[in-house]
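Participant: This structure is in structure tokens; I'll ask about it shortly.
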Amino acid sequence: MYIRVTEIPGGGLDVFASRGRASIPRILEGMNPAPLTVCRLVAADLLLSVDSGDILAEGSFEAEGESPCDRCSEPVSVRFGKAFHTVLSPQGQGPKGTGPIELHADDLDVGYYDGKGVEVNDIFWEQVALDIPVKVVCSESCLGVCPACGANRNREACSCESHAAPGPFDVLKNLKGKKE
């Protein structure tokens with residue numbers, strides 16, 4: 001959903017109040033939600049306003065997705081969301097020079113647009129991507145799968161001996177003896 005700067009009135013534009021809430025579930029179409037297998041917006045709000053050529057985007061979203069548990073591979077439903085505030089400046093208005101630039105906390109919420117308008121889907125793609133959980137588990141007490149037999153330890157107890165897996169530096173223990 002592309003919105004031109006000229007379409008944004010002085011008091012701001014409530015995107016979903018003016019364009020309809022029916023478009024919310026389709027906003028994330030085409031986005032790669034990895035590590036989630038499926039991700040969709042459940043609710044979203046976005047207010048766009050213009051200040052000296054910059055577009056101020058204030059909004060929030062709530063999304064839900066599905067992913068296999070990182071420990072036991074069982075399907076898990078996750079729900080996440082957040083409120084955000086982003087300043088979009090016209091391209092070419094960024095910092096000048098080729099030297100090193102120091103970023104401050106306020107600089108992290110700054111983006112750029114083509115100078116004519118802004119794509120609403122891109123705003124939400126960025127915000128959702130920043131909030132997708134990195135690790136998905138069905139519960140904090142998930143026991144995972146047995147590395148020897150592959151049994152799901154949450155459903156059944158396996159009879160495999162639990163021995164510590166070799167660490168990545170175990171090979172170094174043997175090198176000292178060989179050198180001498």
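The values are calculated or read from the model by the stated rules, or taken from the named source; none is laboratory data. Note that the structure is predicted; figures quoted are calculated from it, not measured. Backbone-built Cβ (ideal geometry, glycine too); neighbour counts: all protein chains shown.
Quick grid of which residues meet (1) under 29 Å from Lys135 (Cβ atoms); (2) at pLDDT 90 or above; (3) under 19 Å from the mean Cα position of the chain (by Cα); (4) surrounded by 10 or more Cβ atoms within 10 Å (Cβ to Cβ):
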{"position": "Val76", "(1), (2), (3), (4)": "yes, yes, yes, yes"}
{"position": "Gln93", "(1), (2), (3), (4)": "no, no, no, yes"}
{"position": "Thr98", "(1), (2), (3), (4)": "no, no, no, no"}
{"position": "Glu102", "(1), (2), (3), (4)": "no, no, no, no"}
{"position": "Tyr113", "(1), (2), (3), (4)": "no, no, no, yes"}
{"position": "Val118", "(1), (2), (3), (4)": "no, no, no, yes"}
{"position": "Asn121", "(1), (2), (3), (4)": "yes, no, yes, yes"}
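Participant: Let me ask something else about it. Search region 47-75 for residues that are free of Cβ contacts under 8 Å to residues at least 24 places away in the same chain and pair each with any residue that is of a type in the set (A, V, I, L, M) and assigned to a strand (DSSP E or B) when their beta-carbon atoms are under 9 Å apart and the residues are at least 6 apart or on different chains.
Facilitator: Within 9 Å, the pairs are Asp51/Val87; Glu62/Leu41; Glu62/Val42; Glu62/Ala43; Glu62/Ala44.
Participant: Right, next: Being more than 28 Å from Arg4 (Cβ to Cβ), within 24 Å of the chain's Cα centre (by Cα) and either surrounded by 10 or more Cβ atoms within 10 Å (Cβ to Cβ) or not β-branched (Val, Ile, Thr) (or both) is the filter here; which residues of region 123-173 pass it?
Facilitator: Listed by number, the residues that qualify are Ile132, Pro133, Lys135, Val136, Val137, Cys138, Ser139, Glu140, Cys142.
Participant: Filter region 16-30 down to residues that are in contact with a strand residue (DSSP E or B) (Cβ under 7 Å, 6 or more places away or on another chain) and part of a loop (DSSP other than H, G, I, E, B), then give me how many there are.
Facilitator: Of region 16-30, the ones in contact with a strand residue (DSSP E or B) (Cβ under 7 Å, 6 or more places away or on another chain) are 16, 24-25, 27-28.
Now restrict to residues that are part of a loop (DSSP other than H, G, I, E, B): 27-28.
So the answer is 2.
Participant: Oh, and also: Checking Cys72 against (1) in contact with a Cys (Cβ under 6 Å, 6 or more places away or on another chain); (2) under 20 Å from Val110 (Cα atoms); (3) not small (Gly, Ala, Ser), which test does it fail?
Facilitator: For Cys72, the failing item is (2).
Participant: Related question: Report yes if Glu62 is more than 25 Å from Val118 (Cα to Cα) and out of contact with any Ser or Thr (no Cβ under 8 Å at 6 or more places or on another chain), otherwise no. First the steps, then the outcome.
Facilitator: Working: more than 25 Å from Val118 (Cα to Cα): no; out of contact with any Ser or Thr (no Cβ under 8 Å at 6 or more places or on another chain): yes.
In short, no.
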